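A short write-up of the structure that comes next.
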Amino acid sequence: MSTITVQRDGQIVERIKRSAAYFGGGLLVLILLFGTYVTIPSGFCGVMTTFGAASQKVLAPGLHFKMPFVQGVVKMNVQVQKNQLTEHAASLDLQDVETTVATNWNINNSDASWIYQQIGMEDVLNERIIQPVVSNAIKAVVAHYNAEDLVEKRDLVRGQIEDLIRKNLKPYHVNVDVDGVSITNFSFSPDYERAIEQKQVAQQRAQQAEYELQQAKVEAERQIAQAQGQAQAQKLIQQTLTPQLIQQQAIQKWDGHLPSVVGSNGVMPMIGNVSGSR
């Protein structure tokens, strides 16, 4: 009985070993199978690495083949990303200006491998390169304007900041597409903001007074012109109104009835010229 039991136990152990070997082999096949392919999603590109060393080959979105345990793929985001930075800087008239600038940027697919090798992932790129460049650009441009001019020439300031960002990124060989820079806020000290507000109110009142003065001047000129026109018209009428013209107009307006007078004999027509002729 003991011999039969030992044989049965041996068979069970052997079966377990074979099952474990089959399972391990199948698992290894699955690992190799799935480890052979990599999928790059839309909005990303892949940097191929071999034993950790990045190659110049950049993978586009889609399904790609790689060697298991030898090659890897680093997925880098090439979508437009937003970097918003608030920086304190001194204006030309030594006012403390708080400027908030939003920068949209993204990595070029062709430069993803270089950026990964020299700098790192997108968050490292933003922290070590993008933000310092934006900060320096804000300080440099703001320092060339008085605080009040920063508000009045907002678009010009924004354009100069954007141009300086592009220029300062070139020495780092960071080929990023700066899609747009916008100034979302200018903030000054409370005292300076009140001074600006008072100045704007005074300018508006001066402009309103100038407008009212111009309107009064126009109205006066209109009245003078109207009076001169009426005088000229009256003079022209006097010059053209001859006795013959007056008699002709009277005849045209006569309704055929003689004027009447009230006498002792009642109402009689007034024929003075006729009686005088007799």
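The table for this structure:
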{"quantity": "Fewest-first sequence of LEU169, LEU156, LEU213 by Cβ atoms within 10 Å of each Cβ", "calculated": "LEU213, LEU156, LEU169"}
{"quantity": "Residue order, fewest to most surrounding Cβ atoms within 10 angstrom, among ILE119, ILE130", "calculated": "ILE119, ILE130"}
{"quantity": "Net charge over other residues, Cβ less than 13 angstrom from the Cβ of LEU59 (K, R count +1; D, E count -1)", "calculated": "+3"}
{"quantity": "All-pairs alpha carbon distance profile, the range 81-188, 10 Å steps from 0, percent", "calculated": "15, 48, 25, 11, 1"}
{"quantity": "Placed amide H near PHE44: partners under 5 Å, 5+ positions off or other chain", "calculated": "VAL78"}
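Since every read-out is calculated from the coordinates, none of them should be taken as a lab result. Small disclaimer: the values here were computed from a predicted structure and weren't measured. Note that we place each Cβ from the backbone using ideal geometry, even for glycine, and neighbour counts take in every protein chain shown.
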